[in-house]
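Chemist: Encoded as structure tokens, here's the structure I'll be asking about.
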Ligand SMILES: Cc1cc2nc3c(=O)[nH]c(=O)nc-3n(C[C@H](O)[C@H](O)[C@H](O)COP(=O)(O)O)c2cc1C
């Protein structure tokens, strides 16, 4: 058997990544996370290949700021030609990687025949990956589950991964729980099926040459460091969104970069120019401020500051002065 996803220097090795999350990992959240970690790979929300094909406003779907690099676009779809076209567009637009979503269990996604249900259709996935690989020169990665419904055993998982690898997948991000496509909603599918890291570890042991990143339930940098002793990468989702400040030591602890003392006030000040640019383009401050809220926790008066930020930024006429004020208050309090 020819396995193509060798560990090699061909592509950068991102040890840590921030997971794609629909309605959360928009441009503004990514700009916030980029202040917190310069080295980690950031993901877009899932973009459906078909939507990209028919969209009259592709810029809006594809645009990102230069500082967001390295950035992976997550695509959804089951049509090899549309996915190949989307992959080519993503490369032309400047994305660093492309990720195929084979993990989303939502009924809407299932009815479109993509996301997690494709774990049951490895031939379709392989032909999508082959066409995507042919259409561009950047890495194509796959994010998937341990299994779906009754297709949930170690042999099936390995066959699925082998088939993707032969088709050209460069890295696997495995959300270490199965998904039930009937009976559980997407939120329940992120909590009820138990995490089974040992099954991903078994796969890694049997396929050491594949680049395998673990996802699911990683809550601290130390947990990620432990994960990296076994796996090639660690992906963090909800814990990064809900508690962004605890990740400020990623670059020093994981990427061995010299440590910058990143206070909460410094992070907010660095975001202000992006907020101003967004306002200049008729955007609303709340689009940005809603992500900043989670930065303000575990300090005295956090609740009051969050309330102030939340109340004042939801007004459609809000400008960056409120961000400046909050940053100053935090700085004065030593945060
Ligand atoms: C609100 C939300 C939206 C999500 N949207 C996506 C998505 O669009 N694509 C995807 O592959 N995973 C999506 N996920 C799943 C996450 O990427 C991740 O696999 C999951 O949350 C487990 O990681 P965690 O325990 O670190 O959060 C989403 C998760 C959440 C909480």
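Every number here is computed from the coordinates shown, using simple stated rules; none is lab data. Here the structure is a predicted model, which means the values were calculated and not measured. Methodologically, a virtual Cβ is constructed for each residue, glycine included, from the backbone with ideal geometry; neighbour enumeration extends over all protein chains shown.
Chemist: Angle check, please: helix 27-36 long axis (alpha carbons) against the longest principal axis of the chain (alpha carbons), in degrees 0 to 90, nearest 10.
Modeler: Orientation of helix 27-36: about 80 degrees from the principal axis.
Chemist: Let me ask another. At 0.36 nm per residue, and after removing the present C-alpha to C-alpha distance, how many nm does the segment from residue 192 to residue 154 gain when stretched out fully?
Modeler: Here the segment from residue 192 to residue 154 would lengthen by 11.7 nm.
Chemist: Sort 325, 187, 270 so that the residue with the fewest other Cβ atoms within 10 Å of its own Cβ comes first and the one with the most comes last.
Modeler: 187, 325, 270
Chemist: Further question: Give me P(r) over the chain, computed from all C-alpha to C-alpha distances, binned every 20 Å, as integer percentages.
Modeler: 31, 57, 12, 0
Chemist: Would you work out the Kirkwood radius for the stretch 186-252? I mean one over the mean of 1/r across all pairs of different Cα atoms, in Å.
Modeler: 13.0 Å
Chemist: To continue, here is another question. At a Förster radius of 30 Å, what calculated FRET efficiency corresponds to the Cβ-Cβ distance of residue 308 and residue 242, to the nearest 0.05?
Modeler: Computed FRET efficiency for residue 308 and residue 242: 0.90.
Chemist: Next up: At 7 Å along Cα-to-Cβ for each site, give me the label-to-label distance between residue 329 and residue 258 in nm.
Modeler: 3.5 nm
Chemist: Can you give the helix-only mean residue ellipticity at 222 nm for the chain, where every DSSP H stretch with n ≥ 4 adds -39500 (n - 2.57) and the sum goes over all residues, rounded to the nearest 500 deg cm²/dmol?
Modeler: Taking each H run of at least 4 residues, the total per residue is -12000 deg cm²/dmol.
Chemist: Order of 286, 93 from fewest to most other C-beta atoms within 10 Å?
Modeler: The fewest-first ordering by Cβ neighbours comes to 93, 286.
Chemist: How high is the relative contact order of the chain, in percent, with contacts defined as C-alpha pairs under 8 Å that are six or more residues apart?
Modeler: 17 percent
Chemist: Sort 65, 170 so the one with the fewest other Cβ atoms within 10 Å of its own Cβ comes first.
Modeler: 65, 170
Chemist: Helix 122-135 versus the longest principal axis of the chain: what angle, 0 to 90°, nearest 10, using Cα atoms?
Modeler: 70 degrees
Chemist: Okay, next question. Quick one: angle between helix 197-206 and the longest Cα principal axis of the chain, in degrees between 0 and 90, rounded to 10, please.
Modeler: Result, in degrees: 50.
Chemist: Quick one: what does P(r) look like for the stretch 264-332 with 5 Å bins over all Cα pairs, in whole %?
Modeler: P(r) for the stretch 264-332, in whole percents per bin: 3, 18, 34, 27, 12, 5, 1.
Chemist: Shifting gears a bit: Can you give me the distance in nm between label points at residue 321 and residue 54, each placed 7 Å from the Cα along the Cα-to-Cβ direction?
Modeler: The two pseudo-label positions are separated by 4.5 nm.
Chemist: Based on the alpha-carbon gyration tensor of the stretch 155-266 and its eigenvalue square roots a ≥ b ≥ c, which shape applies: rounded if a/c is under 1.5, prolate if not and a/b is larger than b/c, or oblate?
Modeler: oblate
Chemist: If I model a spin label as a point 7 Å beyond the Cα along the Cα-Cβ vector, how far apart are those points for residue 276 and residue 301 in nm?
Modeler: With each label point 7 Å from Cα toward Cβ, the separation is 2.5 nm.
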